Structures are given as structure tokens and as C-alpha cells.
Amino acid sequence: MADKYLELVNSGFTKKLAKSLGLPRPSILRRHVPGAPLLPGPLLLLGNSPSTQELADTLLGWGLDVRRHAVGVSTLGGILLLLDDLVAPEGLSAPMLAAGQALRQLAPGGRVVGISRAALSTDAPAVAAVRQGIDGALRSVGRELRGGATANGVVLGEGVAPTAPSALAALRFLLSGRSAYVNGQFLAIDSAEGKLPEDFGRPLAGKVAVVTGAARGIGAAIAATLHRDGATVVVVDVPAAGDALAKVANQVSGTALQLDVTRADAGEKIIEHALARHGHLDIVIHNAGITRDKLLANMDAARWDSVIAVNISSQLAMNAAFLAADLPGLRIVSLASTSGIAGNRGQTNYAASKAGVIGMVRASAPAFAAKGGGINAVAPGFIETDMTARIPVATRAVARMLMPSLMQGGLPVDVAEAIGFLASDAAAGINGRTLRVCGQSLVGA
Ligand code: NAD
């Protein structure tokens with residue numbers, strides 16, 4: 001139904017009708033198509049940081065048409081604001097106003113990306129003010145853009161250069177169609193770790209990846225995306241979903257493992273299968289999850305405990321098994337949710353489990369980094385799957401319309417793309433973080 005509405009308000013007579021009635025007209029988002037150009041037009045590079053030239057050279061190497069002025073350019077594919085050198089709020093004026101002037105030239109599905117430094121408690125107040133100020137400015141740009149364009153940022157940790165591998169990989173992800181449903185978000189780069197792929201079309205070549213809860217929905221999309229990006233995929237789901245799981249395994253030319261992730265030995269079973277069938281294990285995606293919604297006043301122990309068991313306790317136990325085994329460089333991505341950030345009526349149990357994931361990845365980061373790997377989370381907002389299909393039709397329709405920036409739910413592939421990026425070696429400088437994939441639908445955050 002969401003797709004039908006998108007189609008109608010974007011074509012012919014019904015487009016005109018929707019316009020004259022003042023109906024919300026969400027745009028068709030620019031998603032990744034293998035082989036398509038990185039941006040739908042030239043990239044305007046603004047800012048005068050000492051790294052400007054080096055960064056411009058890298059972008060030219062990616063085949064981008066990099067411009068320092070927008071004069072005479074009819075359409076821009078993106079605007080990049082290099083702001084890592086700013087030391088006081090007044091410094092933001094020139095680059096932001098220049099970006100503003102160029103926004104009318106931004107193509108549908110265009111991208112605005114800022115590169116800045118993290119505001120630290122040890123910064124001089126004026127320095128921290130401008131660094132934090134960039135967050136507010138970019139998040140607001142995200143809410144002003146139309147036509148499926150987005151605005152996001154790359155935030156450099158102390159001593160990390162704008163040309164560090166994970167900063168470049170994050171920039172490329174945010175410019176590309178892979179970040180279609182990521183808006184108003186920041187990817188924090190913690191270190192200069194990481195290695196850019198030889199082939200950006202197959203960043204997971206040679207990797208063995210396990211995806212839990214992969215029989216349908218977001219998990220099946222993750223399996224397909226990791227496979228497309230070059231990984232050998234092991235799909236895991238409960239025995240009751242065995243038929244659907246076998247189909248997914250076939251589609252991705254991978255192997256299936258029927259397993260309830262709440263089993264005490266789930267981690268060991270996963271390691272055993274991956275090593276026996278594929279020789280190594282490089283990536284685990286903790287995607288299996290359930291909802292058992294009830295207002296807290298009506299909540300029973302079975303609902304509460306099952307959600308905690310599947311959504312967070314199982315991940316803690318499996319991670320302990322992974323850390324105990326010899327799996328160097330293991331990268332984990334876990335599924336959180338915007339419910340775990342903003343809370344959600346009827347979801348105290350689910351929000352506790354998903355906020356728990358955010359805390360868990362932050363606290364687990366050093367242990368995985370010590371083994372040359374890392375762990376991060378993705379927090380999806382409203383994604384069109386069987387899980388959200390259970391929400392009453394009217395509530396769902398209103399929820400989509402209320403999404404202030406992109407005015408639509410995301411697709412499973414949007415979550416999968418963010419996961420594919422965080423699972424790659426290029427993202428090794430990002431650790432313990434949670435990236436929202438929510439079309440900026442979480443007001444105020
Ligand atoms: P879904 O219900 O469509 O699929 C979940 C899959 O997990 C199912 O195949 C199910 O059989 C499997 N699973 C459940 N319990 C399991 C267990 N104990 N062991 C192994 N597998 C198990 O859900 P989805 O919408 O695809 O969501 C996937 C993940 O994304 C979940 O963690 C969910 O909380 C999260 N998420 C979804 C949304 C959304 O809008 N759909 C939003 C935020 C977060």
C-alpha cells in the first residue's frame with residue numbers, strides 16, 4: 001500500500017491531484033543500484049580546512065565531478081561541507097550560507113554531508129559550541145530538504161583525519177544510494193583503523209557472515225545485501241521457519257542453520273557451523289527479534305521475559321561465546337530500534353531490550369577491538385515488514401504521513417545497506433556506535 005501511494009503521488013494526473021489537494025507527496029528515494037554513479041550530479045565541496053585538497057583528490061579518484069563553486073552548474077548531486085577546522089560559532093556562517101545558496105540546485109536524491117570534529121568536554125567552550133552547533137544545523141537541513149535528498153554528518157574523533165579510511169568510507173556511504181533512509185544522522189569515527197575495499201562494489205568479498213532471524217523481513221534483506229556485496233552467508237532462524245529459511249539460503253547461495261538463538265549453546269552452534277562449512281567466521285548480524293506489545297499496566301511476565309530473552313540476553317550470551325573463541329577481526333552488527341531511543345507506547349519490554357542493545361554495543365566495543373574487530377548497532381525506525389504489518393492499518397498510514405522529513409517508512413534493504421557498511425572492514429574505525437536508519441522520523445533527537 002505504501003508503494004502504491006508513492007507511485008500515485010509521483011506520476012501523471014494523480015501527482016497533480018495530490019498537489020492541488022495539498023496531500024503529502026513523499027518522493028521515491030534514490031537507492032543503491034550496482035554500477036550506477038555515486039551521485040546524480042557534480043559535488044560542491046565547501047570549506048577551507050587544510051585537508052581540502054587531499055579530500056578533493058580522493059573524491060576525484062572516485063570518479064566524482066568535484067566543484068569548488070556552484071556558479072554555472074545547473075544541477076548538483078551533492079554538497080560536502082568540510083568543517084573540521086572551525087573554532088568558533090561565527091565560522092559556520094560562510095560555509096552554511098554558501099550551502100544554502102546551492103540547495104536549489106540540489107538534484108532529487110541529492111546529498112548534503114558535513115565533516116566535522118566531535119565536541120569534547122576538554123574543548124574550549126567556543127570550539128565545543130561550533131562543533132556541537134554543526135549537529136543542529138545539519139539535522140535542520142535534513143528537515144528542510146525535499147525530493148528524497150538527505151543531510152548527514154561524519155564526526156571525527158580526536159586526532160582522526162578527514163581522510164582516515166573509516167571517515168572516507170562513511171562519507172562514501174552517506175553520499176551513495178546505500179544511505180537512502182538515513183537522514184539527520186552522524187557517523188562518529190573513533191580511530192584511524194580500517195581499510196578501504198579494493199572494489200567498492202564488493203566490499204565484503206571473501207567474508208563469511210552469519211545473519212540471525214533471516215527467514216524473512218529485514219533479516220532476509222540483510223542476507224541478500226551481504227551476498228550482493230561479496231560475502232558467503234549463513235542464515236539462521238527457528239526450526240518452525242525452516243522452509244522459508246531454506247529458500248533464503250538458496251537465494252543467497254549460502255547455508256541454513258535452524259537454531260533458536262535463545263539456546264544456551266547458540267553461539268557455539270553458530271561458530272561450529274561457520275567453521276565446518278565455510279572455514280571461518282568474520283561477521284555476525286544479531287537481527288532475530290520479537291515484539292510482544294502491551295501497556296505496562298497489562299504486561300505479564302511471559303511477554304516481558306520472552307522479549308528480553310530473544311532481543312538482548314541471547315546476544316550477550318552469543319557474544320561471550322564469540323569472544324571466548326578464536327575469531328580474529330570479528331565484526332558484529334546488532335539490531336536496536338528507535339523505540340529504544342525515544343520509547344514507544346505499549347513497548348516497555350521491547351524498548352528496554354533495544355535500548356539494552358545500544359548500551360551493550362557501547363560496552364562491548366573494547367573487547368571486540370582488542371581482537372581486531374568491532375561491534376555496532378543500527379536503530380531502524382518504521383520499516384515496512386511483517387512486524388510492522390501487525391500495526392493497525394490507520395495507525396500505520398498516519399505514522400507514515402507524520403514522518404516529517406522523507407514522509408514514508410523505510411524498506412528492509414535500507415536497514416540492510418547500513419548493516420553491510422558497518423560490517424565491512426572499511427568501518428573498523430567505528431566502534432560501539434548506533435546508527436539510526438529512520439528517515440529522521442524521531443522528532444527532537
Ligand atoms: P520479523 O518478525 O519479520 O522477522 C524476525 C525473524 O526473527 C523471524 O524470521 C523470526 O522467526 C526470527 N526469530 C524470532 N525469534 C527467534 C529466535 N529465538 N531464534 C532465531 N530466530 C528468531 O521482524 P523484522 O521486522 O524483520 O525485524 C528484524 C529486526 O529488526 C528485529 O530485531 C526487530 O526488532 C528490528 N526492528 C524492526 C523494525 C521494523 O520496523 N520492522 C524497527 C526497528 C527494529
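Each of SER313, SER424 has some number of other Cβ atoms within 10 Å of its Cβ, and from fewest to most they run SER313, SER424. Remark: segment 272-324 carries a charge dipole of roughly 100 debye about the Cα centre, counting +1 on each Lys and Arg Cβ and -1 on each Asp and Glu Cβ. Here each label is just a point 7 Å from Cα along the line to Cβ, and for THR163 and SER11 those points are 4.6 nm apart. Within the listed set ALA98, ALA126, ALA151, the Gaussian network model of the chain (springs between alpha-carbon atoms below 10 Å) gives the highest mean-square fluctuation for ALA126.
Counting beta carbons within 10 Å around each of LYS371, LYS269, LYS19 and listing the fewest first gives the order LYS19, LYS371, LYS269.
Look at where the Cα atoms of segment 143-210 and of segment 216-262 average out, and the two centres are 25 Å apart.
In a simple Cβ point-charge model (Lys, Arg +1; Asp, Glu -1; nothing else charged), the chain has a dipole of about 1460 debye relative to its Cα centre. Mean residue ellipticity, 222 nm, helices only, the chain: the sum of -39500 (n - 2.57) across DSSP H runs of n ≥ 4, divided by residue count and rounded to 500, is -12000 deg cm²/dmol.
Put a plus charge on the Cβ of each Lys and Arg, a minus charge on the Cβ of each Asp and Glu, and nothing anywhere else: the dipole of segment 46-96 about its Cα centre is then about 200 debye. With each label modelled as a point 7 angstrom along the Cα→C-beta vector, the ALA397-ALA98 pair spans 4.7 nm.
When the Gaussian network model of the chain links Cα atoms closer than 10 Å, the mean-square fluctuations of GLU193, GLU417, GLU272 top out at GLU272.
Seen from ILE332, the other residues with C-beta closer than 14 Å to its C-beta sum to a net charge of +3, counting Lys and Arg as +1 and Asp and Glu as -1.
Of all the options GLY213, GLY110, GLY61, the one that moves most in a Gaussian network model of the chain with Cα springs shorter than 10 angstrom is GLY61. Lysine pairs in the chain whose alpha-carbon atoms fall under 20 angstrom of each other, counting only those eight or more residues apart or on distinct chains, come to 8. Taking 7 Å steps out from each Cα toward its Cβ at SER306 and GLN132 produces label points 4.4 nm apart. Cβ crowding within 10 Å ranks TYR350, TYR181, TYR5 as TYR5, TYR350, TYR181, fewest other Cβ atoms first.
Every read-out reported here was derived from the displayed coordinates using simple, explicitly stated rules and does not represent laboratory data. Because the structure is a prediction, the values reported are computed rather than measured. Ideal geometry is used to build each Cβ from the backbone, glycine not excepted, and the neighbour counts take in all protein chains shown.
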